[in-house]
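Colleague: Below is one structure. I have some questions about it.
The values are calculated or read from the model by the stated rules, or taken from the named source; none is laboratory data. The shown structure was predicted, so the numbers you read here are calculated from the model rather than taken from an experiment. Virtual Cβ from ideal backbone geometry, glycine too; neighbours counted across all protein chains shown. What goes into the accessible areas is simple: the full protein's heavy atoms, side chains included, and nothing from ligands, DNA or RNA. Shrake-Rupley method; radii C 1.70, N 1.55, O 1.52, S 1.80 Å.
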Amino acid sequence: MASQAFSIGGRLIGEGQPCLVIAEAGVNHNGSLEMALRLVDAASEAGADVVKFQTFKAERVVSRRAAKADYQKTGDSDSQTMLEMLKRLELSDDDFRAIADHAHQRGIIFMSKGHREDIDFLVELGVPALKIDSAAVVYYSLLRKAAGQGLPVILSTGGSKLGEVEKALDILAEHGDPPVALLHCTTAYPAPPDQINLRAIATLRAAFGLPTGFSDHSEGIEIPIAAAALGASIVEKHFTLDRSLPGPDHKASLAPQELRRMIEGIRQVEQALGEPRKRPTELERRNMQLMRRSLVAERDIAAGERLQADMIAFKRPGSGLGEDCLDLVVGRVAARTIPAGDPITWDRIGGFADE
């Protein structure tokens, strides 16, 4: 089933289109506007299409008793609750306005993941699509709110079964029917390679007929590049200015130079994917003329001489008749002299000797 292509920020998303690369800044600004602006710069310089943040007010997201996940325990503040940690990572509305303006100036698409209460603000900021994270696949009031904004939705599916994804898509369809892209994801930080299951990208695409990509939490750049080779329409990857910084996501993120190498790898893969047809390229056709063999004169063959098998060899270049023509050539006479080593072609031979 062909996926339903649509546009995000002027970029067409779908099969056969360039992969949309989302550089996930997330909360790697550590609550600093200055650092957030530098993340925009780094994403732009690395060649990303989108730089994405996370918009939230901590007290609307978690309760005071919520514990930090294991991957969030970085040693710098393990005594903190999740609420206390997130409070330190908040940015103000004015901060996000400045970030969105800076992204526009740098020529990179600005996006941010928000919760239900943040949707109106994100629309005000002019985001070209709304991102729904994996944990929100079953956050139905958020899905209903997002569906009615007239914007495309990118839905991550980490930790979800197909039935849960189907229900989320039904809700989106019922409450606005926006264009949707799905992201396969493994909700683990970092995600071990044997837990990633890239083949699920094709499963989601076949099941729902939607543009499908990959939100990556693995270490390194190899797996997101492999996702692009499997036809991912979108690749999302966390990055940071410095992996040694304190905070929950830095250690599992790419440094700017690694982000650049990942994007370069994805673009090379896209070029290599080519087209489904199996046919020689122009470069191959030129090379095959040199590398393939053809019938050549093993010795000088005089004009009018009857060609015998021992007069003919099969050697490079491939500019003469193929070996499958040998039986058609033997017994004919040379129409003109064929010097030793020259290719045997139809214009150099005449009829059979007894004709």
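Colleague: Taking the DSSP beta bridges in the chain as the whole, what percent of them are antiparallel, to the nearest 5?
Modeller: For the chain, the DSSP antiparallel bridge percentage is about 30.
Colleague: Given a 1.4 angstrom probe, what's the average accessible area per residue across the chain, in square angstrom?
Modeller: Value returned for the chain: 49 Å² of accessible area per residue.
Colleague: While we're here: Read phi for every residue in segment 174-185 and hand back ³J(HN,Hα) as whole Hz from Karplus 6.51 cos²θ - 1.76 cosθ + 1.60, θ = phi - 60°, with x for Gly and Pro.
Modeller: 6, 10, x, 6, x, x, 10, 10, 9, 10, 5, 7
Colleague: Would you mind telling me the share, in percent, of accessible area of the chain contributed by carbon and sulfur at probe 1.4 angstrom?
Modeller: 49 percent
Colleague: I've got another one for you. Going by amide H atoms built from the backbone, whose H comes under 5 Å of the H on ILE154, apart from near neighbours?
Modeller: Here LEU130, LYS131, ILE132, ALA181 satisfy the definition.
Colleague: I need the Debye-formula profile for segment 235-355: one equal scatterer per C-alpha, no solvent, reported as log10 I(q)/I(0) at q = 0.11, 0.19 1/Å, two decimals.
Modeller: Scattering profile of segment 235-355, log10 relative to I(0): -0.56, -0.95.
Colleague: Hey, another quick one. Lysines near LYS113 by alpha-carbon distance under 29 Å, same-chain residues fewer than 8 away left out - which ones?
Modeller: Hits, sequence-local ones excluded: LYS52, LYS57, LYS68, LYS73, LYS87, LYS131, LYS145, LYS161, LYS167, LYS237, LYS251.
Colleague: So how tilted is helix 256-273 from the main axis of the chain? Cα-based, degrees 0 to 90, rounded to 10.
Modeller: On a 0 to 90 degree scale, this one is about 40.
Colleague: For the chain, what is the Kirkwood estimate of the hydrodynamic radius, computed as the reciprocal of the mean inverse distance between distinct Cα atoms, to one decimal in Å?
Modeller: Mean inverse Cα-Cα distance, inverted, gives 23.7 Å.
Colleague: What is the angle, in °, between the Cα long axis of helix 33-46 and the longest principal axis of the Cα atoms in the chain? Nearest 10 is fine, range 0 to 90.
Modeller: The angle comes out near 10 degrees.
Colleague: What is the distance in Å between the Cα centroid of segment 11-48 and that of segment 150-170?
Modeller: About 22 Å separates the Cα centre of segment 11-48 from the one of segment 150-170.
Colleague: Let me ask you something else. In terms of modelled amide H atoms, which long-range or inter-chain residues lie less than 5 Å from the amide H of GLY26?
Modeller: Counting only residues 5 or more places away or on other chains, the set is LYS52, PHE53, GLN54.
Colleague: Take the Cβ-Cβ distance between THR281 and TYR140 as r, set R0 to 41 Å, and report the resulting FRET efficiency rounded to the nearest 0.05.
Modeller: Working from the Cβ atoms, E equals 0.25.
Colleague: Of THR81, THR337, which has the most accessible area with a 1.4 Å probe, and how do the rest follow in descending order?
Modeller: Descending order: THR337, THR81.
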